[in-house]
1. Packing-wise, with mean Cβ within 10 Å as the measure, how do 248-255, 346-353 rank, highest first?
2. Over 28 Å between Cα atoms, which of K100/K405; K44/K390; K256/K405; K100/K450 qualify?
3. Please give the helix 493-506 orientation as an angle from the longest Cα principal axis of the chain, in degrees from 0 to 90, rounded to the nearest 10.
4. Run lengths n ≥ 4 of DSSP H only: what is the helix-derived mean residue ellipticity at 222 nm for the chain, with -39500 (n - 2.57) per run over all residues, to the nearest 500?
5. If one takes the longest principal axis of the Cα atoms in the chain, at what angle in degrees, from 0 to 90 and to the nearest 10, does the Cα axis of helix 351-363 lie?
6. Give the peptides 602-611, 32-41 in descending order of average Cβ contacts within 10 Å, highest first.
7. Considering only protein heavy atoms and a probe of 1.4 Å, how much of the accessible area of the range 362-504 is carbon and sulfur, as a whole percent?
8. Tell me, in nm to one decimal, what length is gained between K305 and D506 on full extension, where the rule is 0.36 nm per residue of separation less the Cα-Cα distance?
Amino acid sequence: MKPATAALCAVLIFSSAWAEGPYSNSTPPQLTKDGRRWVEQTLKKLSLEEKVGQMLSVRYFTDFQNFTSDGYRHFRDEMQKYHIGSVVLTDHLDGPVLLKNPPLEVAMMANQLQRDSALPLLIAADFERGIFTRVSPAPAFPDAMAFGAVGNPAYAEKFGAITAQESRALGIHWNFFPVADVNSNPNNPIINTRSFGEDPNAVGDLVAAYIKGARANGMLTTAKHFPGHGDTDVDSHLAVARVGGDLARLRDVELKPFAKAISAGVDSVMIAHVSVPALDPDPNKVATISPAVVAGVLRQQLGFKNLVVTDAMEMRGLTSLYPPEKGNAAGRAAVDAVQAGNDVILLPSDLQGAFLGIVEAVRHGQIPESRIDDSVRRILEMKASLGLHKARLVDLEQVPYLVDKPADMEFAQQVADDAVTLVRDNGKVLPLTPLRGQKTEAEYFQAQVKPAAHVVAIIMTDSIRGPWGRGFEIALKARRADATVFYIDNAVATALAAPVFQAVKDAEKVVIAAYASPVAGKQVMVNGKLVNTVGLEQASGQLLMQVLDLAAEKTVVIALGSPYLAQSYGAVQNYLCTYSNASSSELSAVKALFGELTPHGKLPVTLPGIAERGFSLLPRSPFANPNQR
């Protein structure tokens, strides 16, 4: 055979081997007879090691890698060596900034992971704000609490549908959402705006609606963080969080949304690393490793029959219970999690340790192999319900048609607009007046309008290096090109205090846009101590307080994130909440400032000392008059 002919044959053979055939589709999950047959036949063929691997879920970063690079080949080899059953797609961080990747790049990576896996992978992601959480461009949905402020389950259902359609287009099948936690603790540093609110019935209704919309469009859903992480004041990424209350309280509050999620057909439940004495009094047990919580409450009492997944096993809320000096901490934690009733071990701190720990526990009779079979059967059934045993790849050519659709972007903006809540209004600040005679956004910036004392905006963020506030400034300058804008974080607050105070004294009106949202592992310095909080750091918080001391009467504070911010600043006379720092919420905030929308949102949580849940202040009459300065 001639060399050229041989080369052509090799190409044809390779192409035939990877003939894509039919692509994966986004029909509602359904386990057919054919799917059940595949599950049972596959389960019989798997070795113990292959079964255990199906129970492990690891992280993969979606930034571009050459498929022959050392980095990708290392991941591929690990995935194959440990027979990994599911992969969580995420992004790298640059300091506080999440480096999101484009949709096509994510879909391409998902396809390659599927090609390199012997069995079809379940590919998961944390898409709490839609795919925009990890992918850009995409519709910028606000946080769950914004949906709580709107209070319309139809919005949550449509949100679930859009997220499912976009996710499945990218080859992602399993969303770690909705958050079913009831955020009843104003000091909660990690749930906060990720929750729909503090009313268990309203939270349950929105959770169920989201599940309905997502599953109808082919997406697997996850109710988290069981048995409830809303009534805590500790971030379980950093330490063991404790949920108090007796059994009656837990049934009436924490467990109610999970019961509604189960009735709605939720595909999986994620277990929290929280101590719940009313359910398990053992001080060395968190829910993740508690048979009483997982097998007892979730399985037996609530009747949940689908997949149970741990929260990330690398979190300090769990690892702090397993001292490394006792040997293979990851293995011991994984074994305890399996014995408690978990099916998927998410992000073990040591992959090899977790894998070997479970395998050895089975071989030594500590865990019956039938218990492993039960979990693997559920995992395979989830894959078969999606048709992944027949088609696991997605059509890259369809991605530009299915992701970031204009109608979906408009809906995300509508949600953000409808969520804006007016909590305080002294009638002297709102609405702001736009400059007359300006036409287009491009002209605002080309005009190089000299900053004036009419409007001073202070944008407070965790880091001025990040993207936070850029969208707000663009929208503000589009209406007031003469606005003076300061960016403040804890590092520059003291240095910029003098010019900020002078600008505030000279200003006619002051706008403070405060970005304070829950961030995993966030700790801030307050009075010389590291505190786990959503709030502003010490220097930034002091600057905000001093601005209010100088000019509260002419200042409006916008909470672009946690609505609880005002608790720390009782002098606030004008207060707007958006419940989110998404770009859609930034635009909504500015529209509200200038009277272009009337705030319709209602507080989905109580702000102690400020307002009760359900409160909504109707704007004073000048608010609707755009000519009133």
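1. Working: 248-255: 18.0, 346-353: 19.5.
Answer by packing, highest mean first, reads 346-353, 248-255.
2. K256/K405; K100/K450
3. It works out to around 40 degrees.
4. Values: 20 runs with 228 residues, N = 629.
Dividing the helical sum by the residues of the chain leaves -11000 deg cm²/dmol.
5. 40 degrees
6. So the order, starting with the most tightly packed, is 602-611, 32-41.
7. Carbon-and-sulfur percentage of accessible area, whole number: 53.
8. Computed gain between K305 and D506 is 66.0 nm.
The values are calculated or read from the model by the stated rules, or taken from the named source; none is laboratory data. The model shown is predicted, which means the values in this text are computed figures rather than measured ones. Counting neighbours? That spans all protein chains shown, and the Cβs are built from the backbone with ideal geometry, glycine included. Ligands, DNA and RNA are excluded from the accessible area calculation, which covers all protein heavy atoms including side chains. Shrake-Rupley method; radii C 1.70, N 1.55, O 1.52, S 1.80 Å.
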